[in-house]
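Okay, structure first, notes after.
The values are calculated or read from the model by the stated rules, or taken from the named source; none is laboratory data. Everything numeric in this text was worked out from a predicted model, so none of it was measured. Quick reminder, even Gly has a Cβ in these numbers, built from the backbone with ideal geometry, and neighbours come from all protein chains shown. The accessibility values were calculated without ligands, DNA or RNA, using every heavy atom of the protein model including side chains. Shrake-Rupley method; radii C 1.70, N 1.55, O 1.52, S 1.80 Å.
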Amino acid sequence: MDPTSSSSSALRWKILRQALLRRSDSQSQAETHRISRKATQGFNLIPCQVVDSSPQSDKSREACLCYTVPITGSPKLYLTQRVDNCSDLNDFEISNRYNIDNTGLVCQWPSEEVLAYFCMSQPDRFRGKRVIELGSGYGLAGLVIAAVTEASQVVISDGNPQVVNYIKRNIESNSMAFGGTSVKAMELHWNQHELSELTNTFDIIVASDCTFFKEFHKHLARTIKMLLKAKEPSEALFFSPKRGDSLDKFLKEIEDIGLHYNLTENYDAQVWKRHETLVKGDDAWPNYDKNHCYPLLIQITNHI
């Protein structure tokens with residue numbers, strides 16, 4: 001395949017494959033540099049540093065990161081996650097078995113940080129509410145909501161059982177930070193047809209960067225409609241870059257299933273300021289591109 005004509009999605013899967021095969025040839029390195037938009041600091045909204053791994057951790061594969069929520073009096077949050085280049089064949093076998101992507105294990109994605117920052121900045125929106133995070137990865141946003149907003153319940157979900165195990169560990173590590181908020185992890189697949197115990201029970205759904213894979217759009221839209229309360233005010237807050245036409249196609253599915261949405265580009269002054277800096281050029285994120293990196297806010301409701 002001519003690398004100059006490779007699609008973004010194909011190159012992203014090459015990055016995952018490279019993590020497994022540990023390729024070191026110069027062509028592979030050039031492709032990775034060209035397409036990878038993972039930033040070491042992301043939007044740099046929530047200070048984070050690597051700390052010593054816990055005794056239960058596999059130090060060759062995992063790291064413990066400490067997030068300092070920038071609100072006076074807020075607890076520090078400790079998240080265990082995989083280190084770079086530690087994917088193995090089992091990771092991909094599980095992805096194929098459950099028809100899920102493997103991106104939740106790769107890193108903490110920048111849109112998740114933006115989601116967490118936005119939620120912590122609006123505690124009144126969540127106070128006393130039942131909240132679920134979809135496709136949560138290591139669960140940063142869900143943990144921040146649980147720690148600072150006084151939500152009544154936070155469910156942190158993902159379709160990858162390996163990721164859910166990390167979420168459970170991260171909930172346990174931070175259990176003293178949640179006050180009276182009930183917090184639990186859940187394995188949730190968007191193509192599940194039976195969600196009777198969860199149907200129409202959540203006030204707020206949150207998610208970040210969950211609209212890239214078009215084959216999941218229809219199931220994701222259906223899941224949103226099933227989870228939101230039908231007879232009371234409820235909403236889903238999604239943070240997603242446009243990524244070509246992937247976001248537009250997802251929003252079409254939202255309309256087709258009878259839901260309504262509002263799209264907002266400038267939703268937080270600090271996030272927007274950081275975005276403008278990155279657009280102008282910043283060594284902290286050399287491949288920053290608005291279409292692929294900047295998450296738009298999509299507010300989804302059952303009613304207009």
Point to revise | Flag for GLU215 being surrounded by fewer than 18 Cβ atoms within 10 Å (Cβ to Cβ) and more than 27 Å from GLY159 (Cβ to Cβ) | key: no
**Study point:** Cβ-Cβ under 7 Å pairs, at least 6 apart or on other chains, segment 179-204 side farther than 20 Å from SER234 by Cβ, far side open to solvent by 60 Å² or more (accessible area, probe 1.4 Å)
**Key:** GLY179/GLU150; ALA185/LYS168; HIS189/TYR98; ASN191/HIS219
Exercise for review: Determine which single condition VAL163 fails, assuming it passes every other condition in (1) buried (at least 20 other Cβ atoms within 10 Å of the Cβ); (2) modelled with pLDDT of 95 or more; (3) in a helix (DSSP H, G or I).
Suggested key: (2)
Exercise for review: Could you tell me whether segment 249-263 includes any residue that is of a type outside the set (A, V, I, L, M), open to solvent by less than 10 Å² (accessible area, probe 1.4 Å) and in contact with a Cys (Cβ under 9 Å, 6 or more places away or on another chain)?
Suggested key: yes
Study note, to complete from the structure: The lone condition CYS210 fails out of (1) open to solvent by less than 10 Å² (accessible area, probe 1.4 Å); (2) in contact (Cβ under 8 Å) with a residue 40 or more places away in the chain is (1)
Point to revise | Residue that is farthest from the chain's Cα centre (by Cα) [pool: residues in segment 123-135 that are at pLDDT 95 or above and open to solvent by less than 60 Å² (accessible area, probe 1.4 Å)] | key: GLY128
Review point. Can you tell me which residues in segment 139-153 are more than 20 Å from THR68 (Cβ to Cβ) and either in contact (Cβ under 8 Å) with a residue 60 or more places away in the chain or open to solvent by less than 10 Å² (accessible area, probe 1.4 Å) (or both)?
Key: ALA151
Check your understanding: Can SER57 be described as in contact with a Cys (Cβ under 9 Å, 6 or more places away or on another chain), at pLDDT below 90, surrounded by 14 or more Cβ atoms within 10 Å (Cβ to Cβ) and more than 22 Å from VAL206 (Cβ to Cβ)?
Key -> yes
